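See below for the structure under consideration.
The values are calculated or read from the model by the stated rules, or taken from the named source; none is laboratory data. Worth saying up front: this structure is predicted, and the values here are computed from it rather than measured. Cβ atoms come from the backbone with ideal geometry, glycine included; neighbour counts cover every protein chain shown. Surface accessibility is based on the protein's heavy atoms, side chains included, excluding ligands, DNA and RNA. Shrake-Rupley method; radii C 1.70, N 1.55, O 1.52, S 1.80 Å.
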Amino acid sequence: MDEAGSELVFVALGGLGEIGMNVALYGVGPQHKRKWLMVDCGIAFSDEAGVEIVLPDLTFVEKIKRDLLGLIITHAHEDHIGAVAELWPRFQCPVFATPFAAALLAARLEGIPDAPDIKISTVKQGGRIALDPFDVELIPVAHSIPESCALAIRTPHGTVVHSGDWKIDPEPGLGLPTDSARLTAIGDEGVLALVCDSTNILRDGISPSEAEVALALTEVIGGATARVVVTTFASNVARIRAVALAAKAAGRRVVLLGRAMERVVNVARENGYLEGVDPFLSGEAFATLRREEIVILATGSQGEPRAAMARIAVDDHPIAKLSPGDMVIFSSRTIPGNEREVGRIVNNLIGQGVEVVTDRNALIHASGHPRRGEVAQFYEWVRPRIVVPAHGEELHLSEHAVFAAERGIETVVKARNGDLVVLAPGAPAIIDEVPHGQLARDGSILVPLDGESIKARQRLAFAGIVTIALAIDRKGEMAGVPDVVLTGLPEKTASGVALDEVVDAAVFQTFESLPRPKRRDANVVSVAIEKAVRAAVGVVWNKRPAVHVLVIEV
């Protein structure tokens, strides 16, 4: 593209500052005539009050949607495809994915009422997508889900390698290993920039192989004498396969618990990734199998409150019940932010007398992301002039930037969500900031995560709410007895006084202290009582609840 003022730019709307919610955009052309390519559209998880799922704010994508040529999915993890169903109607561009990712996305859409009709074009690993001025090659990489891809994005200004999620694993359990020969050949052609996974940049060496994990699972499950539950990421088909084969070697049958895992298993079978694996049993088979002949594969390795594992841990699952001496294997890594929820499950299981096995006890999990040694190898394959650390929190991105500089990378761009980075021509630099943010899935509605409704809910969770309703007549007298409800407050103060008595006293004393003309003004009465009740409760509790006062004039 020889058009005057043409540039190659990059901007992330998610994934550069948090684990998850990955969305990247590449643009080619002059400032107001750029053509755009979108890579991934994922979700993240949240511990905010009442919010489990967070999606990227795609206001910027809506602004440039007429020039958006396509969305390419690198792989089928939720943090890369989980927002497509809800957000695609806002930009409605063509979608490209490998057969497995396309099938999993389609299966997900089937379970959503009034889901959008998204036409997904399938491209096999190693295939290419021509979207002028972009030419994109899907390069096989090993990861914890089948058909993961790095992207070689060729443009008139140079080639960018977008790593996606990857690791180096010569025996990934199923699917193709990372294609070092192809990456090296692309490096020989010349690579302008590498946008690279930073998730495990804090760890030295090389990640363990899925083959090693499979051996360890076979040993642990083979040595168990009672029930075995294995919880892992529902999308990790290689791990599901390894558990199934370990169970078969131990003379056990596998029962699936969790809709997400059932969906993945169905798609994996349709795509040939579970050949040679016996059919899994449904939850109803639990009651028919002896303790020593069952392995349960359960969702909820991240502490999700409604998943199977959380319910099993508090003996609330309608089907699966554990007994002392049973074993639970966490074949997963706790995602940052989920430690408290996972810890609660582990403690509840131990309290039941259940043996808990984690990656602290045995090699029953391997990350799907590269450690420092693998990132260094990737650099040697593609030899980029520019590195943009991606897919990580602030610590990961900062450490990756230092690592890249130490490895002799010519330019390291320390971008964050919303930063518009010009990669070529000339020296790379952050030249602008585009609209970005986070949306909370609040029930069936998307709202800003930093919006007032979420902030108010946090305040309510911290100090509760006092609701007061009272009536006043035309003479400025209280008609009847106020209705007072305390929600989320303790019943008594530290000295044993009932808290509702403190509130009642504040209501009556404040009302009586007002001059009679002011008592006739509902707004004045409401504001005065609200301030007085907050103050009175604050004195005896050292917390100030929200106070809502409804004054009715009769």
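Return yes when D419 is surrounded by 15 or more Cβ atoms within 10 Å (Cβ to Cβ) and more than 30 Å from K518 (Cβ to Cβ) and no when it is not.
Yes, satisfied.
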Taking the stated definitions as given, is E262 under 24 Å from the mean Cα position of the chain (by Cα) and in a helix (DSSP H, G or I)? yes
If I filter segment 1-19 down to residues being farther than 30 Å from I53 by Cβ and hydrophobic (A, V, I, L, M, F, W, C), which single residue comes out as least open to solvent (accessible area, probe 1.4 Å)? L8
Selection from segment 15-41 of residues that are more than 19 Å from A193 (Cα to Cα) and small (G, A, S): G17, G20
Filtered residues of segment 357-372 (kept if open to solvent by 20 Å² or more (accessible area, probe 1.4 Å) and farther than 27 Å from A247 by Cα): R371, R372
Which one of the conditions (1) of a type in the set (A, V, I, L, M); (2) in a loop (DSSP other than H, G, I, E, B); (3) open to solvent by 20 Å² or more (accessible area, probe 1.4 Å); (4) in contact (Cβ under 8 Å) with a residue 60 or more places away in the chain does I145 fail to meet, given that it meets all the rest? (3)
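Having 3 or more residues that are under 30 Å from V161 (Cα atoms) is the bar; report the strands (runs of 3 or more DSSP E) wholly within segment 396-496 that clear it. Break it down into steps so the answer makes sense when it comes.
Details: elements: 419-424, 429-433, 438-442, 445-448, 465-472, 478-487.
Of the strands (runs of 3 or more DSSP E) lying wholly inside segment 396-496, those with at least 3 residues that are under 30 Å from V161 (Cα atoms) span 419-424, 429-433.
For (1) acidic (D, E); (2) touching a helix residue (DSSP H, G or I) at 6+ places or on another chain (Cβ under 6 Å); (3) under 30 Å from F45 (Cβ atoms), each residue gets a yes or a no:
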| position | (1), (2), (3) |
| --- | --- |
| D450 | yes, no, yes |
| G464 | no, no, yes |
| A471 | no, no, no |
| D483 | yes, no, no |
| D504 | yes, no, no |
| F508 | no, no, no |
So E394, is it within 18 Å of the chain's Cα centre (by Cα), at pLDDT below 95 and closer than 22 Å to I19 by Cβ: no
Across segment 308-322, which residue is farthest from T225 (Cα to Cα) among those that are out of contact with any helix residue (DSSP H, G or I) (no Cβ under 7 Å at 6 or more places or on another chain) and open to solvent by less than 40 Å² (accessible area, probe 1.4 Å)? A308
Do we find a residue being within 22 Å of K35 (Cα to Cα), open to solvent by less than 30 Å² (accessible area, probe 1.4 Å) and over 20 Å from the mean Cα position of the chain (by Cα) anywhere in segment 72-79? no
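How many residues, within segment 337-356, are assigned to a loop (DSSP other than H, G, I, E, B) and surrounded by 15 or more Cβ atoms within 10 Å (Cβ to Cβ)? Break it down stepwise before answering.
So the first thing to find is which residues in segment 337-356 are assigned to a loop (DSSP other than H, G, I, E, B), and the list is 337-338, 352-354.
So of that shortlist, the ones also surrounded by 15 or more Cβ atoms within 10 Å (Cβ to Cβ) come out as 337-338, 352, 354.
Number satisfying all stated conditions: 4.
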Top-ranked residue in segment 20-37 [being touching an Asp or Glu at 6+ places or on another chain (Cβ under 7 Å), assigned to a loop (DSSP other than H, G, I, E, B) and open to solvent by 10 Å² or more (accessible area, probe 1.4 Å); ranked as farthest from S6 (Cα to Cα)]: N22
Out of all the residues in segment 422-440, is one or more charged (D, E, K, R), open to solvent by 60 Å² or more (accessible area, probe 1.4 Å), at pLDDT below 95 and within 40 Å of the chain's Cα centre (by Cα)? no
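Could you check, for segment 522-541, whether at least one of its residues is part of a loop (DSSP other than H, G, I, E, B), surrounded by fewer than 19 Cβ atoms within 10 Å (Cβ to Cβ), free of Cβ contacts under 8 Å to residues at least 60 places away in the same chain and not hydroxyl-bearing (S, T, Y)? Before the answer, list the steps.
Applying the first criterion (part of a loop (DSSP other than H, G, I, E, B)) to segment 522-541 yields none.
No, because not a single residue in segment 522-541 is part of a loop (DSSP other than H, G, I, E, B), surrounded by fewer than 19 Cβ atoms within 10 Å (Cβ to Cβ), free of Cβ contacts under 8 Å to residues at least 60 places away in the same chain and not hydroxyl-bearing (S, T, Y).
A quick yes/no check of all residues on (1) within 25 Å of R457 (Cβ to Cβ); (2) acidic (D, E); (3) open to solvent by 30 Å² or more (accessible area, probe 1.4 Å):
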position	(1), (2), (3)
L470	no, no, no
V484	yes, no, yes
A505	no, no, yes
R519	no, no, no
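For segment 439-456, does any single residue satisfy the condition of being over 24 Å from A83 (Cβ atoms), touching a residue at least 60 places away in the same chain (Cβ under 8 Å) and among the aliphatic types (A, V, I, L, M)? Explain how you work it out, then say what you get.
Within segment 439-456, the first condition is being over 24 Å from A83 (Cβ atoms), and the residues that meet it are 456.
Those left that are additionally touching a residue at least 60 places away in the same chain (Cβ under 8 Å): 456.
Now drop any that are not among the aliphatic types (A, V, I, L, M), which leaves 456.
Yes: one or more hits.
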Segment 278-307, subset buried (at least 20 other Cβ atoms within 10 Å of the Cβ) and among the β-branched types (V, I, T), residue farthest from the chain's Cα centre (by Cα): I294
Count of segment 288-336 residues which are assigned to a loop (DSSP other than H, G, I, E, B) and of a type outside the set (S, T, Y): 24
For segment 56-68, check the following and say yes or no: at least one residue is out of contact with any Phe, Trp or Tyr (no Cβ under 7 Å at 6 or more places or on another chain) and in a loop (DSSP other than H, G, I, E, B). yes
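Looking at A4, A97, which is the one that is farther than 16 Å from H436 by Cα and more than 21 Å from the chain's Cα centre (by Cα)? Explain how you work it out, then say what you get.
On the way: A97 fails: more than 21 Å from the chain's Cα centre (by Cα).
The unique qualifying residue is A4.
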Selection from segment 392-412 of residues that are open to solvent by 10 Å² or more (accessible area, probe 1.4 Å) and either in contact (Cβ under 8 Å) with a residue 24 or more places away in the chain or β-branched (V, I, T) (or both): E393, E394, L395, H396, E399, V402, F403, R407, I409, E410, T411, V412
Can you tell me how many residues within segment 45-63 are within 19 Å of T199 (Cβ to Cβ), hydrophobic (A, V, I, L, M, F, W, C) and open to solvent by 10 Å² or more (accessible area, probe 1.4 Å)? 1
Go through segment 193-228 and give me each residue that's open to solvent by 20 Å² or more (accessible area, probe 1.4 Å), in contact with a strand residue (DSSP E or B) (Cβ under 6 Å, 6 or more places away or on another chain) and closer than 30 Å to V11 by Cα. none
Quick one: V84 ticks every box in (1) within 19 Å of the chain's Cα centre (by Cα); (2) open to solvent by 30 Å² or more (accessible area, probe 1.4 Å) except a single one, so which number is it? (2)
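Please report, ordered by residue number, the helices (runs of 4 or more DSSP H) entirely within segment 153-254 with at least 1 residues that are farther than 26 Å from V387 by Cα and β-branched (V, I, T). Talk me through it step by step, then tell me what you get.
Values: elements: 180-189, 210-223, 237-249.
Hits in segment 153-254: 210-223, 237-249.
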